[in-house]
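The values are calculated or read from the model by the stated rules, or taken from the named source; none is laboratory data. Quick caveat, the model's predicted, so the values are computed rather than measured. Neighbour counts run over all protein chains shown; Cβ positions are idealised from the backbone, glycine included. Please note that ligands, DNA and RNA were not included when accessible areas were found on the heavy atoms of the full protein model with its side chains. Shrake-Rupley method; radii C 1.70, N 1.55, O 1.52, S 1.80 Å.
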Amino acid sequence: MKKFNRAITYGTFDLFHIGHLRLLKRISALANELYVAVSSDEFNSIKGKTCVIPFEERKEIIAALNCVTQVIKEDNWEQKISDIQKYHCDLFVMGDDWEGKFDFLKPYCEVIYLPRTQGISTTAIKKSMKQ
Ligand code: C2G
């Protein structure tokens, strides 16, 4: 048995890379199940991000991972509390570029921020694609 039953995490996961994978694998080591909320294309434009890979393909990639139990859609900033309650999550995890930003979830579940994988980012990949 792992420390937690069901973890949830949120992200765009555009141009899926080793930093995304390492985060998801580390979360799955903490919980029996891992739910991943993938940002919709519409929500990404609200986040000020333009995606290279459309939502349906980003969702398909995440859903194919052994360590992922379920993929849901992230449509807005406000859905986290209701998601955590709806899916009975006892753990919320994000990379530490979000350190402290989701502490309002602490009354509902454990909140953990894990160190990001250094040296890789979707932005860097996009830049190298342009050259
Ligand atoms: N990440 C990481 N290491 C990297 C790059 C990303 O650990 N080198 C983590 C981020 O910290 C995040 C997750 O991978 O927890 C997904 O990153 P993004 O796709 O960039 O997601 P983001 O735009 O941060 O969206 O409501 C929350 C937002 O949807 C998060």
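Quick notes
- Once the 1.4 Å probe is applied to the protein heavy atoms, the chain comes out at 56 Å² accessible per residue.
- In a fully extended conformation the segment linking L114 and E60 would gain 17.0 nm over its present Cα-Cα distance, using 0.36 nm per residue.
- DSSP assigns beta bridges within the chain; of those with both partners inside it, close to 0 percent run antiparallel.
- Fully extended contour minus Cα-Cα distance, from D41 to K86, at 0.36 nm per residue: 13.9 nm
- Percent carbon-and-sulfur accessible area, the chain, ignoring ligands, DNA and RNA, probe 1.4 Å: 53
- Placing +1 on each Lys and Arg Cβ and -1 on each Asp and Glu Cβ, with no other charges, gives the stretch 32-131 a dipole about its Cα centre of roughly 440 debye.
- Scalar couplings 3J(HN,Hα) for the stretch 114-131, obtained by applying the Karplus form with A = 6.51, B = -1.76, C = 1.60 to θ = phi - 60°, are 9, x, 5, 7, 6, x, 9, 7, 4, 4, 5, 5, 4, 4, 5, 5, 6, 5 Hz; x denotes Gly and Pro.
- Cβ charges +1 (Lys, Arg) and -1 (Asp, Glu), total dipole of the stretch 29-74, debye: 140
- Binning the alpha carbon pair distances of the chain at 5 angstrom intervals from zero yields the distribution 2, 11, 20, 24, 23, 13, 4, 2, 1, 0, expressed in whole percent.
- Summed over qualifying helices (DSSP H, 4 residues or more, each -39500 (n - 2.57)) and divided by its residue number, the chain shows a 222 nm mean residue ellipticity of -9000 deg cm²/dmol.
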